[in-house]
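Novice: Here it is: the structure, laid out below.
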Amino acid sequence: MEELLPSLKGMLKEAIDIDNDALNLTITLTVKNKINGVIAEPEEVGIMLKMYGGLTEEIPMEINIDNENQKIILKFKNEEDFMEIAEIFKKIWDNAIDLLYQAIKSDFSRIKNIPDIDD
Amino acid sequence: MTDPNAIKNNPFIELGEIPEKKYKEGYIIETAYITVRDGVKIAATICLPKGLPPNAKIPTVLTQTRYWRAMELRIPFRWILDSMVPNAPNPEVVTSRGYALIYTDVRGTGASTGSRTTPFSEEEVKDGYDIVEWIIAQPWSDGNVVSKGISYTGITAEMFARNLHPAIKAVIPGHGFWDPYTDVAFPGGCFDYGFIQMWSFIGKNLDLNNPKVFRQVMPDAWLVVKGVKSVKSDKDLELLNEAITQHKSNQYVYEHTLDKSYRDDQILDGSSFDDFSVFAHKQEIARSNLPILAWCSWLDSGYGDAIIHRFMNTPNPHIAILGDWSHGAILPANQFFPNRTTVTPAPRDKVNAWINFYDKCIYGEGIQGKVIYYYTLVEEKWKKSNVWPPFGHNYQKWYFSDNFTLTQEKPESTVGEDSYKVNFRATTGRNNRWWALLGLPITYENRAKVDEKLICYTSQPLESDTEITGQIILCLYLKSTHDDGSIFAYFEDVDENGKITYITDGEFRVIHRKILTENPPYKILIPYHSYKKEDAAPLVPGEITEIKFGLHSTSVLIKKGHRIKIGIAGADKDTFIRYPAEGRPTITISRNSTYASYLEIPIIKKQQEGEK
């Protein structure tokens with residue numbers, strides 16, 4: 001697994017486009033790899049933000065999943081929330097791989113900070 | 001093998017060069033439910049070479065697991081990787097060599113329906129037959145099936161031979177047991193509660209598709225894994241949910257073993273450990289006459305002994321390999337080279353070697369006779385033998401002597417004994433050979449510090465290089481203040497600078513000390529203890545008793561100028577349950593002309609020039 005990590009980071013950045021629309025307070029994730037079936041359940045988006053993005057509180061957002069076009073559209077009620085999540089998305093894939101790398105090396109300090117995840 | 005320069009007798013080289021790939025475009029993944037004779041649905045993941053011509057027929061490698069055949073990943077990992085496949089051979093390598101790879105969840109686990117009472121149940125084994133029938137009915141199958149696995153899947157791979165199905169052509173059990181009582185659950189009659197408890201806990205949560213458990217025990221997996229992978233046709237997950245409901249009636253070994261001690265205790269549904277052992281079924285495996293390639297490490301639990309016992313007790317065409325790595329060859333484990341970071345050969349190269357073995361069995365002349373390859377620590381060389389123990393094997397006695405020494409001269413004095421009050425804080429920690437079964441590293445560090453809690457005996461520097469290969473036998477004449485207890489014996493190398501390195505160990509619960517003269521259920525090279533209730537007897541406090549047992553197999557070169565050391569403890573607190581449950585015994589080891597405690601060390605006499 002460890003030897004895969006550097007390439008995983010690149011694969012994530014390659015496979016997922018992130019578009020921020022500040023005017024409409026939306027963030028759109030587009031998965032470019034062909035996915036069979038459902039690309040995500042809405043609750044998985046929140047888990048991803050908490051687990052890899054360091055989100056510690058609930059941010060109100062509307063989550064729309066467009067399986068046909070492989071898009072996840074997050075719509076926010078205010079600019080502050082939009083900005084916070086947009087900031088998280090700037091480095092979420094790097095964070096995810098770094099977290100994984102640390103865990104493989106038995107460094108669980110950052111994992112301890114992840115809030116409870118309701119799987 | 002971690003010394004890449006060790007070429008001669010290297011089994012991975014002798015299994016042949018890696019040929020050109022037959023298929024170079026990758027592989028496709030399908031999933032299916034295979035309905036077996038009683039209606040249970042076995043979840044299967046099938047990898048086929050991409051670009052396989054419609055009329056092409058290929059053989060199949062089958063791996064049957066209880067740890068999820070494939071994992072549903074969390075987003076975003078699910079978007080870039082199809083699934084994670086623990087314990088299964090690399091699908092890219094297998095399919096590129098022109099084999100289909102199928103991995104299944106055994107009944108009662110993963111996405112398969114049904115429930116389970118014991119591991120490796122008769123029904124689980126019989127499922128193998130039905131799975132073969134399904135495989136050979138597929139349009140791409142050439143009618144040949146081989147099995148492969150590590151740990152649990154290694155044992156299912158070997159049990160697969162019991163089906164006596166003509167389509168089965170070879171089996172590769174890796175890092176599996178032969179005798180679950182002595183190899184893992186009760187080594188020397190001591191309950192390995194540490195591993196068994198954790199293994200049962202993990203198994204239960206896997207069966208209930210509860211990934212939360214990983215956060216505590218396997219955080220790296222928790223970050224990536226959402227749960228077991230469903231079968232694609234089960235779109236609304238109805239069957240997966242039904243399967244998980246059925247798994248709620250599963251039984252787990254730990255809760256049925258905690259109050260047990262004996263080999264013949266019934267632990268689950270009237271079964272004893274022997275019922276799901278490999279040795280109890282050795283005649284069926286022999287009847288299959290299937291070629292076996294069995295591999296493991298000296299340092300992995302009691303599974304190194306399993307390799308030797310399988311080799312000695314099965315007549316099948318046989319290649320056995322014993323190396324110096326951790327469970328599943330994930331990490332190096334040679335204690336003499338703690339700074340090594342990788343295992344050679346790499347996993348991909350190992351899988352290629354296994355496919356070479358299958359190729360020989362399916363397309364070639366098969367495997368003739370038996371050969372065991374074993375790696376000698378410190379000498380850092382592969383060796384091979386057609387018999388076990390190998391040629392030149394001879395026992396050398398080392399007596400416990402005064403001033404905590406080991407000597408080859410039997411004590412002449414009529415008096416001589418040493419007392420030791422058992423220290424129940426003594427431990428080898430959680431990176432020992434037993435916890436290694438969970439994939440943890442094997443590191444016996446700071447032996448000098450650990451040995452302070454033990455009673456130890458050390459030899460003078462050896463006058464020549466000495467190869468020890470086999471099982472050391474420890475014979476203690478001791479008395480105790482209590483009627484129960486256990487002995488943990490650590491065999492170590494001490495270099496010229498006083499650095500102590502762990503080589504092997506053995507453990508034994510004293511109530512099992514009776515040595516039987518009848519034939520054991522399989523050939524062994526150490527004193528035969530039945531571990532049955534009828535043969536158990538408490539110690540008589542204050543009375544000297546013979547306690548004689550074997551340590552786990554090893555192969556090591558003790559260099560000229562190094563000393564050998566034996567450390568004796570009465571507990572290993574993070575792994576084994578304590579005996580007695582209460583109280584703190586004092587044991588007294590006799591070392592005199594009447595009661596001369598000793599070690600019998602299997603020495604390999606060096607071959608002279610011209611000697612065969």
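Novice: Do we have B:ILE564 as outside the structural domain of B:TYR303 (by TED's automatic domain parsing), within 28 Å of the chain's Cα centre (by Cα) and of a type outside the set (Ser, Thr, Tyr) here?
Specialist: Values: outside the structural domain of B:TYR303 (by TED's automatic domain parsing): yes; within 28 Å of the chain's Cα centre (by Cα): yes; of a type outside the set (Ser, Thr, Tyr): yes.
So B:ILE564 fits the description; yes.
Novice: Just to confirm my filter: which strands (runs of 3 or more DSSP E) fall fully inside the range B:36-118 and include at least 1 residues that are among the basic types (Lys, Arg) and more than 25 Å from the chain's Cα centre (by Cα)?
Specialist: So the answer is B:41-49.
Novice: Within the range B:161-196, take every residue that is over 17 Å from the mean Cα position of the chain (by Cα) and closer than 20 Å to B:ILE355 by Cβ and give me the one that is surrounded by the fewest Cβ atoms within 10 Å (Cβ to Cβ).
Specialist: B:ALA167
Novice: Something else now. Conditions first: (1) within 19 Å of the chain's Cα centre (by Cα); (2) crowded, with 19+ Cβ neighbours inside 10 Å; (3) closer than 29 Å to B:GLY16 by Cα; (4) more than 14 Å from chain A (Cβ to nearest Cβ). B:PHE273 passes all but one, so which condition is the exception?
Specialist: Unmet condition: (3).
Novice: So in the range A:93-119, with the set limited to residues that are of a type in the set (S, T, N, Q) and not in a helix (DSSP H, G or I), which one is farthest from the other protein chains (Cβ to nearest Cβ)? Before the answer, list the steps.
Specialist: Filtering the range A:93-119 for residues of a type in the set (S, T, N, Q) gives A:95, A:102, A:106, A:109, A:113.
Subset that is not in a helix (DSSP H, G or I): A:106, A:113.
Values: A:SER106: 9, A:ASN113: 12 Å.
Per the stated criteria, the residue is A:ASN113.
Novice: Return the only residue of B:ARG433, B:ARG425 being closer than 30 Å to B:ILE202 by Cβ and touching a Leu at 6+ places or on another chain (Cβ under 8 Å).
Specialist: Values: B:ARG425 fails: touching a Leu at 6+ places or on another chain (Cβ under 8 Å).
Only one candidate qualifies: B:ARG433.
Novice: Taking the options B:ALA243, B:ALA280, B:ALA286, B:ALA294, name whichever one is within 16 Å of the chain's Cα centre (by Cα) and either closer than 30 Å to B:PRO580 by Cα or outside the structural domain of B:ILE511 (by TED's automatic domain parsing) (or both). Give the steps one after another, and end with the answer.
Specialist: Values: B:ALA243 fails: within 16 Å of the chain's Cα centre (by Cα); B:ALA280 fails: within 16 Å of the chain's Cα centre (by Cα); B:ALA286 fails: within 16 Å of the chain's Cα centre (by Cα).
Within the list B:ALA243, B:ALA280, B:ALA286, B:ALA294, the selection yields B:ALA294.
Novice: Against the definition (in contact (Cβ under 8 Å) with a residue 12 or more places away in the chain and out of contact with any Ser or Thr (no Cβ under 7 Å at 6 or more places or on another chain)), how does B:THR458 come out, yes or no?
Specialist: On the way: in contact (Cβ under 8 Å) with a residue 12 or more places away in the chain: yes; out of contact with any Ser or Thr (no Cβ under 7 Å at 6 or more places or on another chain): no.
Considered against the rule, which asks whether it is in contact (Cβ under 8 Å) with a residue 12 or more places away in the chain and out of contact with any Ser or Thr (no Cβ under 7 Å at 6 or more places or on another chain), B:THR458 comes out as no.
Novice: Restricting to the range A:10-28, what's the tally of residues that are surrounded by fewer than 18 Cβ atoms within 10 Å (Cβ to Cβ) and either of a type in the set (Lys, Arg) or in a helix (DSSP H, G or I) (or both)?
Specialist: Qualifying residue count for the region: 4.
Novice: Would you pick out the residues in the range A:58-92 that are in contact with a Gly (Cβ under 9 Å, 6 or more places away or on another chain) and within 14 Å of chain B (Cβ to nearest Cβ)?
Specialist: A:ILE63, A:ASN67, A:ILE88, A:PHE89, A:LYS91, A:ILE92
Novice: Would you check if B:THR376 is out of contact with any helix residue (DSSP H, G or I) (no Cβ under 7 Å at 6 or more places or on another chain) and part of a loop (DSSP other than H, G, I, E, B)?
Specialist: Values: out of contact with any helix residue (DSSP H, G or I) (no Cβ under 7 Å at 6 or more places or on another chain): yes; part of a loop (DSSP other than H, G, I, E, B): no.
Here the answer is no, as B:THR376 does not meet what is asked.
Novice: Then there is this: With the condition kept exactly as written, say whether any residue in the range B:287-294 is touching an Asp or Glu at 6+ places or on another chain (Cβ under 8 Å) and part of a helix (DSSP H, G or I).
Specialist: Initially, the range B:287-294 is screened for residues touching an Asp or Glu at 6+ places or on another chain (Cβ under 8 Å), giving B:292, B:294.
Those left that are additionally part of a helix (DSSP H, G or I): none.
For the range B:287-294, residues touching an Asp or Glu at 6+ places or on another chain (Cβ under 8 Å) and part of a helix (DSSP H, G or I): absent.
Novice: Given B:THR257, B:THR341, which one is assigned by TED's automatic domain parsing to the domain that holds B:GLY174, surrounded by fewer than 24 Cβ atoms within 10 Å (Cβ to Cβ), of a type in the set (Val, Ile, Thr) and closer than 24 Å to A:LYS105 by Cβ?
Specialist: Numbers: B:THR257 fails: closer than 24 Å to A:LYS105 by Cβ.
None of the others qualify; the one that does is B:THR341.
Novice: Restricting to the range A:29-68, give me the number of residues that are polar (S, T, N, Q), out of contact with any strand residue (DSSP E or B) (no Cβ under 7 Å at 6 or more places or on another chain) and either more than 23 Å from B:ASP236 (Cα to Cα) or surrounded by 12 or more Cβ atoms within 10 Å (Cβ to Cβ) (or both). Before you say what the answer is, go through the steps one by one.
Specialist: So the first thing to find is which residues in the range A:29-68 are polar (S, T, N, Q), and the list is A:30, A:33, A:36, A:56, A:64, A:67.
Now restrict to residues that are out of contact with any strand residue (DSSP E or B) (no Cβ under 7 Å at 6 or more places or on another chain): A:33, A:36, A:56, A:67.
Then drop every residue that is not either more than 23 Å from B:ASP236 (Cα to Cα) or surrounded by 12 or more Cβ atoms within 10 Å (Cβ to Cβ) (or both), which leaves A:33, A:56, A:67.
Here the count works out to 3.
Novice: Of these, B:ASP234, B:ASP220, which one is in a loop (DSSP other than H, G, I, E, B), within 14 Å of chain A (Cβ to nearest Cβ) and touching a Phe, Trp or Tyr at 6+ places or on another chain (Cβ under 9 Å)?
Specialist: Matching residue, one of B:ASP234, B:ASP220: B:ASP234.
Novice: Same structure, new question: Quick one: would you say B:PHE391 is in contact (Cβ under 8 Å) with a residue 40 or more places away in the chain, over 23 Å from the mean Cα position of the chain (by Cα) and surrounded by fewer than 16 Cβ atoms within 10 Å (Cβ to Cβ)? Break it down into steps so the answer makes sense when it comes.
Specialist: Numbers: in contact (Cβ under 8 Å) with a residue 40 or more places away in the chain: yes; over 23 Å from the mean Cα position of the chain (by Cα): yes; surrounded by fewer than 16 Cβ atoms within 10 Å (Cβ to Cβ): yes.
Yes.
Novice: Restricting the search to the range B:144-200, which residues are over 17 Å from B:ALA306 (Cβ atoms), among the aliphatic types (A, V, I, L, M) and outside any helix (DSSP H, G or I)?
Specialist: Residues satisfying the conditions are B:VAL145, B:VAL146, B:LEU164, B:ALA167, B:ILE168, B:ALA170.
Novice: If B:TYR262 meets every condition in (1) surrounded by fewer than 17 Cβ atoms within 10 Å (Cβ to Cβ); (2) more than 14 Å from chain A (Cβ to nearest Cβ); (3) not in a helix (DSSP H, G or I) apart from one, which number is that one?
Specialist: B:TYR262 satisfies every listed condition except (1).
Novice: May I ask you to say which residue of B:GLU380, B:GLU365 is of a type in the set (D, E, K, R), surrounded by fewer than 19 Cβ atoms within 10 Å (Cβ to Cβ) and within 22 Å of the chain's Cα centre (by Cα)?
Specialist: Values: B:GLU365 fails: within 22 Å of the chain's Cα centre (by Cα).
Being of a type in the set (D, E, K, R), surrounded by fewer than 19 Cβ atoms within 10 Å (Cβ to Cβ) and within 22 Å of the chain's Cα centre (by Cα) holds for just one of B:GLU380, B:GLU365, which is B:GLU380.
Novice: For the range B:428-440, indicate whether the set of residues that are at pLDDT 95 or above, in contact with a strand residue (DSSP E or B) (Cβ under 6 Å, 6 or more places away or on another chain) and in the same structural domain as B:CYS475 (by TED's automatic domain parsing) is non-empty.
Specialist: No, the range B:428-440 has no match at all.
Novice: Now a separate question. I'd like to verify a number: residues in the range B:417-433 that are free of Cβ contacts under 8 Å to residues at least 60 places away in the same chain and either surrounded by fewer than 16 Cβ atoms within 10 Å (Cβ to Cβ) or among the basic types (Lys, Arg) (or both), how many?
Specialist: So the answer is 0.
Novice: Restricting the range A:22-45 to residues that are more than 17 Å from B:LYS229 (Cβ to Cβ) and under 13 Å from the mean Cα position of the chain (by Cα), which is nearest to the other protein chains (Cβ to nearest Cβ)?
Specialist: Among those that are more than 17 Å from B:LYS229 (Cβ to Cβ) and under 13 Å from the mean Cα position of the chain (by Cα), it is A:VAL31.
Novice: If you don't mind, there's one more thing I want to ask. Give B:ASN210, B:ASN205, B:ASN144 a once-over and let me know the one that is surrounded by fewer than 24 Cβ atoms within 10 Å (Cβ to Cβ), over 24 Å from A:ILE117 (Cα atoms) and either free of Cβ contacts under 8 Å to residues at least 24 places away in the same chain or not hydroxyl-bearing (Ser, Thr, Tyr) (or both).
Specialist: B:ASN144
Novice: Given the conditions (1) of a type outside the set (Asp, Glu); (2) closer than 30 Å to A:ALA96 by Cβ; (3) away from chain A (no Cβ under 12 Å), which single one is not true for B:VAL225?
Specialist: Result: B:VAL225 passes all but (3).
Novice: Write out, first by first residue and then by second, each pair whose Cβ atoms fall under 8 Å of each other, whose residues are 6+ apart or on separate chains, and whose first residue, in the range A:6-27, is without any contact (Cβ under 8 Å) to a residue 40 or more places away in the chain while the second is among the basic types (Lys, Arg) and in a loop (DSSP other than H, G, I, E, B).
Specialist: Partner pairs satisfying both residue conditions: A:GLU14/A:LYS32; A:ALA15/A:LYS32; A:ASP17/A:LYS32.
The values are calculated or read from the model by the stated rules, or taken from the named source; none is laboratory data. All values derive from a computational prediction rather than experimental measurement. Here Cβ is always computed from backbone atoms with ideal geometry, including for glycine, and neighbour counts include all displayed protein chains.
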